[in-house]
1. Using the beta-carbon distance between residue 65 and residue 41 and R0 = 30 Å, what value does 1/(1 + (r/R0)^6) give for FRET efficiency, to the nearest 0.05?
2. If you look at just the Cα atoms of the chain, how large are its Rg and its Dmax in Å?
3. Explain nothing, just compute: Karplus ³J(HN,Hα) = 6.51 cos²θ - 1.76 cosθ + 1.60, θ = phi - 60°, for every residue of the stretch 84-89 in order, whole Hz, x for Gly and Pro.
4. Compute the label zone of residue 51 within the stretch 1-16: residues whose backbone N is under 19 Å from the point 7 Å along Cα-to-Cβ.
5. Report the charge-dipole magnitude of the chain in Debye, nearest 20, computed about the Cα centre from +1 at each Lys and Arg Cβ and -1 at each Asp and Glu Cβ.
6. How far apart, in nm, are the 7 Å Cα→Cβ label points at residue 78 and residue 26?
7. With a cut-off of at most 11 other beta carbons within 10 Å, and DSSP calling the residue loop, which chymotrypsin sites (Phe, Trp or Tyr not before Pro) in the chain qualify? Please list them.
8. Under the Karplus relation 6.51 cos²θ - 1.76 cosθ + 1.60, θ = phi - 60°, what is the ordered set of whole-Hz ³J(HN,Hα) values for the stretch 39-51, x standing for Gly and Pro?
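Derivation of every value follows stated rules applied to the coordinates shown; laboratory data play no part. Owing to the predicted nature of the structure, the values given are computational and were not obtained by experimental measurement. Note: ideal-geometry Cβ built from the backbone for every residue, glycine included; neighbour counts use all protein chains shown.
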Amino acid sequence: MPVTSTGVTVGTSITAVSAATVGVFDYDRYVYLQSGTEGAVTYVGGSNVSAANGILLSETNNAVFQAKADDVIYGISDTAGAVVKALEVK
């Protein structure tokens with residue numbers, strides 16, 4: 001079971017924090033996400049993620065998602081240069 005760990009800079013524009021794996025890894029994966037920038041308010045969700053519809057990430061806890069191979073998880077923050085820590089278990 002491969003495990004990958006990354007830090008993705010999201011900032012104030014919607015950015016993919018966990019990309020689709022179709023054709024590379026065609027099975028479900030678990031995605032653990034955590035805010036990596038102190039004081040940043042960061043949300044994750046679909047391609048239209050916002051403060052109104054996203055899930056707020058914590059600096060001390062993680063959010064866990066079971067994603068299909070064609071699922072993409074996006075993030076956005078109120079802070080330029082904010083980082084989302086992502087750990088994927090495939």
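1. My answer for the efficiency is 0.95.
2. Values for the chain (Cα only, Rg and Dmax): 12.2, 37 Å.
3. Result, rounded to whole Hz: 10, 7, 10, 10, 10, 10.
4. It comes to 10-15, nothing else.
5. Charge dipole of the chain: 80 debye, to the nearest 20.
6. Modelled inter-label distance: 4.4 nm.
7. 27
8. So the Karplus estimates, Gly and Pro as x, are x, 6, 9, 10, 10, 10, x, x, 5, 10, 4, 8, 5 Hz.
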